[in-house]
Amino acid sequence: MPLSDTGRRAGRLIRRVYYVGPGQCNICGSRVRFRSISRMLGGTLAKYGCPYSLDDFETLNHRRYLCPVCGSADRDRLYKLYVDRFLQPDGVRRVLEFAPSAPLSAYLRSRADLQYRTADLMMAGVDDVVDITDMPMYADGSFDFFICSHVLEHVSDDGRALKELYRILAPGGRGIIMTPVAPEGSFDEDPAVTDERERWRRFAQGDHVRLYDHSTLCSRIRQSRFEVCALDRRTFGRETFTRHAIALGAVLYVAHRPEADAV
Ligand SMILES: [Zn+2]
């Protein structure tokens, strides 16, 4: 039987009291002890012989990862910082989020100033079922902003996906593009690898088809005519990152379609 609204609210309140702590989730507002995924995810990487540790990944605060109240991950909280600062009520209107994260999605949907849609090929409950490499249902320039988080590492032809993202974005529009990013020089890609264990070892997850590093991710985004900027704690503040349990080394990749550029 589905939980009633009263049941959900009661559960949230109990978690809020039980996990009260020094951090603050900027999505649900709770003051909490963020929960770790170090043992679970670190153990899995080690089991498959992945040569990287969790600390090697760029935007992954595995020790203070999960908000126990709303379920936000550290990257959700990073995107919320960007949204709060750059999606002003008098600016961005049409927003598309791929593979939506429930806590951030609920917030974006609640904003009356945004025309917000969700999209994915596999996920249940999204507004639009789409293949990111071929999205004919969206006309050119349909959106002012998109979030494409932890999608491209699952897509065989990421260049084609990036070209589609560019096409559906209006000139002057922006989008968050995030993937796992391993240390520089670690880029690895091999479409012939389909074995789940081998993918864990080489790409750090059983359904990933490649592992990006910083320069390869940026160059692929630029190859699709986007400009790209990498925002970090210098943009948002060290204290803000710490309070919201975002790793101090976290980097937010924002792609920009230039104003004057036509398809
Ligand atoms: Zn939260």
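As a check on your grasp of the helix formula, calculate [θ] at 222 nm for the chain: sum -39500 (n - 2.57) over DSSP H runs of n ≥ 4, divide by the residue count, round to the nearest 500. Taken over the chain, the calculation gives -9500 deg cm²/dmol.
Taken about its Cα centre, region 67-153 carries a charge dipole of roughly 400 debye when the Cβ of each Lys and Arg holds +1 and the Cβ of each Asp and Glu holds -1. Each residue of region 239-251 was assigned a 3J(HN,Hα) from its phi angle through the Karplus expression (A = 6.51, B = -1.76, C = 1.60, θ = phi - 60°), giving 5, 5, 4, 5, 4, 9, 6, 10, 4, 5, x, 5, 10 Hz with x at Gly and Pro.
Could you provide, to the nearest whole Å², the per residue accessible area of the chain with probe 1.4 Å? Display every interim value, and only then the final one.
On the way: 12750 Å² over 263 residues.
Solvent-accessible surface per residue comes out at 48 Å².
Pairwise Cα distances in the chain exceed 27 Å for 40 percent of all pairs. For region 132-261, the spread of Cα coordinates along the three principal axes comes to 44, 42, 22 Å, biggest extent given first. By the Cβ rule of 4.7 Å, the chain holds the following cysteines without a possible disulfide partner: Cys50, Cys148, Cys218, Cys229.
What share of the DSSP beta bridges in the chain is antiparallel, in percent to the nearest 5?
Details: 15 of 34 bridges.
Of the beta bridges lying entirely in the chain, close to 45 percent run antiparallel.
Distant-in-sequence amide contacts of Arg94, defined by a placed amide H-H separation under 5 Å and a gap of 5 or more residues or a different chain, comprise Gln115, Asp144, Phe145.
As a length-normalised measure over Cα pairs under 8 Å and 6 or more apart, the relative contact order of the chain settles at 19 percent. With every protein chain in place and a 1.4 angstrom probe, the accessible-area ranking of Lys47, Lys80, Lys163, largest first, reads Lys47, Lys163, Lys80.
Note the full-extension length gain between Asp190 and Leu248 as 0.36 nm times their separation in residues minus their Cα-Cα distance, in nm to one decimal. Before the final figure, lay out each step's value.
Working: separation 58, 0.36 × 58 = 20.88 nm, distance 3.10 nm.
Extra length from Asp190 to Leu248 when fully extended: 17.8 nm.
When the chymotrypsin sites (Phe, Trp or Tyr not before Pro) in region 179-248 are filtered for DSSP coil states and for at most 13 other beta-carbon atoms within 10 Å of their beta-carbon, no site remains. Averaging the Cα positions of each part gives two centres, and for region 206-241 and region 88-144 these lie 20 Å apart.
Ranked by accessible surface with a 1.4 Å probe, highest first, in what order do Asp74, Asp127 come? Don't skip to the answer; put the middle values down first.
Values: Asp74 5, Asp127 65 Å².
Listed by decreasing accessible area, they come as Asp127, Asp74.
Hey, got the dipole for the chain? About the Cα centre, +1 on K and R Cβ, -1 on D and E Cβ, debye to the nearest 20?
Working: 38 positive and 35 negative charges, 308 e Å.
I would put it at about 1480 debye.
The amide H of Gln205, built 1.01 Å from its N in the peptide plane, has Trp200 as neighbours under 5 Å, considering only residues 5 or more places off or on other chains. Once all protein chains are placed together, Glu259 keeps about 140 Å² accessible to a 1.4 angstrom probe.
When only Cα pairs under 8 Å and 6 or more residues apart are kept, what is the percent relative contact order across region 48-181? Display every interim value, and only then the final one.
Details: 186 pairs, mean separation 29.4, N = 134.
It comes to 22 percent, rounded to a whole number.
The values are calculated or read from the model by the stated rules, or taken from the named source; none is laboratory data. It should be emphasised that the depicted structure is a prediction, and the values quoted were computed from it without experimental measurement. All Cβ positions, glycine included, derive from the backbone under ideal geometry; neighbour counts span all protein chains shown. Accessible surface is based on the protein model in full, side chains and every heavy atom, while ligands, DNA and RNA are left aside. Shrake-Rupley method; radii C 1.70, N 1.55, O 1.52, S 1.80 Å.
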